[in-house]
Amino acid sequence: QVQLVESGGGLVQPGGSLRLSCAAFGSAISRYTMAWYRQAPGKQRELVASIAGDSSTNYLDSVKGRFTISRDDAKNTLYLQMNSLKPDDTAVYYCNAVLGWHNYWGQGTQVTVSS
């Protein structure tokens, strides 16, 4: 069993930056594929970025060049550095961990981009 706890969300102006963190408890995440998803009001949850155990990454086209996903397996923590934020990035951001049929979610953290 893995518990995921997100932090770092908040209100930021357009063009600003935030760094989300996802701390994992209960199991080492080094073999897990980790990911950030987001869900805006009235929209389906979408994959923002993922990072495999070998640190290979994948990004949603609309965040490429602005967001960076990274992991620190020694700290059992996943990160999402978000730069040049836009109002369309406003959503609840969720941390996800997958290994085989094991699939875990965090509770989410709100990111609001507004002037």
Worksheet item: Rolling a 1.4 angstrom probe over the protein heavy atoms, how many square angstrom per residue are accessible across the chain?
Response: 53 Å²
Fill in: Carbon + sulfur, % of accessible area of the chain - ligands and nucleic acids excluded, 1.4 Å
47 percent
Worksheet item: When only Cα pairs under 8 Å and 6 or more residues apart are kept, what is the percent relative contact order across the range 1-81?
Response: 29 percent
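The values are calculated or read from the model by the stated rules, or taken from the named source; none is laboratory data. What you see is a predicted model; the values in this text were computed from it and never measured. To get the accessible areas, we keep the full protein, side chains included, count just its heavy atoms, and leave off ligands, DNA and RNA. Shrake-Rupley method; radii C 1.70, N 1.55, O 1.52, S 1.80 Å.
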